[in-house]
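The block underneath contains the structure these notes are about, expressed in structure tokens.
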Amino acid sequence: MKKRKIWVIGFVLMLILSMAAGCGSSGANGSASNDTLDAIKKRGKLVVGVKFDTNLFGYKDPSTGKVDGFDIDIAKALAKKIFGDESKLELKEVTSKTRVQMLKNGDIDAIIATMTITEERKKEVNFTDVYFLAGQSLLVKKGSPIKGVEDLKKDTKVLAVKGSTSVKNIKEKAPDTEVLEFENYAEAFTALKAGQGDALTTDNSILYGMADQDPNFELVGKPFTEEPYGIAIKKGDDKFTKYVNDFLKELKKNGEYDKTKSKWIKEQ
Ligand code: GLU
């Protein structure tokens, strides 16, 4: 009887130990430790979560398959700092809804994807210093009676993307309007073009990219929020956060940051 008890306890202990060991051993981070930089170096490449459908920041050209944009150039420059080679970089697609969970899972080392620094998000991730400042605005079809957020009343429909700050903000600024939420910006813009809503709301920086792709649409009104973008890193990894902050400072100091910004962003 006693012997059996010891066996059972031993078995349960082994089970707990093997589960604990298995916890940290999946995904890009590959180890149970919180040292992202160490994991990146061991792996030999940096894995960054970026947008694939956001013109000017992270956009995959369907004809070439190439992903380009301001966020992509920042990711390349970070890979260059770590390895002296910007091609030691893997870009993984994230959406506003999936990015935090992908970082938590260890699927990516960092998020560089038009992500606003907020107090709520700070509970789940570390943020670097601000690397871009945007503000929420509206995109409408040219000639639309909607000229600003004050025109979004009871019988209007606004399109936005799940998991973005834009949804929360618009519900506060225009509480009577109906908000339709989409998975990503490509879907939301397609819906606007199809007349499923009166306006699309997100950061002006993203809306400029859409207006650039289709001149039938324009931004209206002044930005009604502040959206400071930060690079998100695994919660608690202060070492890698400092490393990326130092990298951003260098980029600003050596003129690389301004060069990259003016390559992508015309309206400032
Ligand atoms: N910057 C806003 C946010 O972080 C909107 C852009 C986005 O959805 O990524 O939510």
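The values are calculated or read from the model by the stated rules, or taken from the named source; none is laboratory data. Just so it is clear, the model here is predicted, and its values are computed rather than measured. As a convention, Cβ positions derive from the backbone with ideal geometry for all residues, glycine included, and neighbour counts pool all protein chains shown. Quick note on the areas: whole protein, heavy atoms, side chains included, nothing else; ligands and nucleic acids left out. Shrake-Rupley method; radii C 1.70, N 1.55, O 1.52, S 1.80 Å.
Ordering of 218-227, 253-262, 127-136, 108-117 by packing is 108-117, 127-136, 218-227, 253-262, highest average first (other Cβ atoms within 10 Å, averaged per residue). Phi angles across the range 209-214 convert, under the Karplus curve 6.51 cos²θ - 1.76 cosθ + 1.60 with θ = phi - 60°, into 3J(HN,Hα) values of x, 6, 4, 5, 7, 9 Hz, Gly and Pro given as x. Put simply, the amide H of LEU138, placed in the peptide plane, has neighbours under 5 Å in VAL220, leaving out anything fewer than 5 places away on its chain.
In this structure, the amide hydrogen of VAL47, modeled 1.01 Å from its nitrogen in the peptide plane, lies closer than 5 angstrom to those of GLU90, ASP109, counting only residues at least 5 positions away or on a different chain. How would you classify the range 39-129 from its alpha-carbon gyration tensor, with a ≥ b ≥ c the square roots of the eigenvalues: rounded for a/c under 1.5, else prolate if a/b is greater than b/c, otherwise oblate? Oblate, because a/c is 1.5 or more while a/b does not exceed b/c. Value of Rg to Rh for the range 135-194, rounded to two decimals, is 0.92; Kirkwood radius and Rg both from alpha-carbon coordinates.
Our coupling estimate for the range 112-128, obtained by passing each phi through the Karplus curve with A = 6.51, B = -1.76, C = 1.60 and θ = phi - 60°, is 10, 8, 6, 9, 6, 6, 10, 4, 5, 5, 5, 6, 10, 9, 8, 10, 7 Hz, Gly and Pro reported as x. Extension gain, ASN216 to ASN254, is 9.8 nm, computed as 0.36 nm per intervening residue step minus the present C-alpha separation.
Evaluated on the range 119-268, the Kirkwood hydrodynamic radius is 16.7 Å, with distances taken between all distinct Cα atoms. For ASP53, the amide hydrogen comes within under 5 Å of the amide hydrogens of LYS60, counting only partners 5 or more places away or on other chains and with H modelled in the peptide plane. Straight-line cross-link reach from LYS97 at under 22 Å between alpha-carbon atoms covers these lysines, not counting any fewer than eight positions away in the same chain: LYS51, LYS60, LYS122, LYS123, LYS157, LYS162, LYS168, LYS171, LYS173, LYS234, LYS235. Applied to the range 142-155, the Karplus parametrisation 6.51 cos²θ - 1.76 cosθ + 1.60 on θ = phi - 60° returns per-residue 3J(HN,Hα) values of 4, x, 5, x, 7, 10, x, 4, 5, 8, 8, 10, 4, 9 Hz, with x for Gly and Pro. For the chain, the share of accessible area belonging to carbon and sulfur comes to 54 percent (1.4 Å probe, ligands and nucleic acids excluded). Helix 70-83 axis versus longest C-alpha principal axis of the chain: approximately 30°, rounded to the nearest ten.
Excluding ligands, DNA and RNA, the accessible surface per residue across the chain is 52 Å² with a 1.4 Å probe. The mean sequence separation of alpha-carbon pairs under 8 Å and at least six residues apart, normalised by the residue count of the chain, gives a relative contact order of 23 percent. Volume per residue of the convex hull around the Cα atoms, evaluated for the chain, comes out as 170 Å³.
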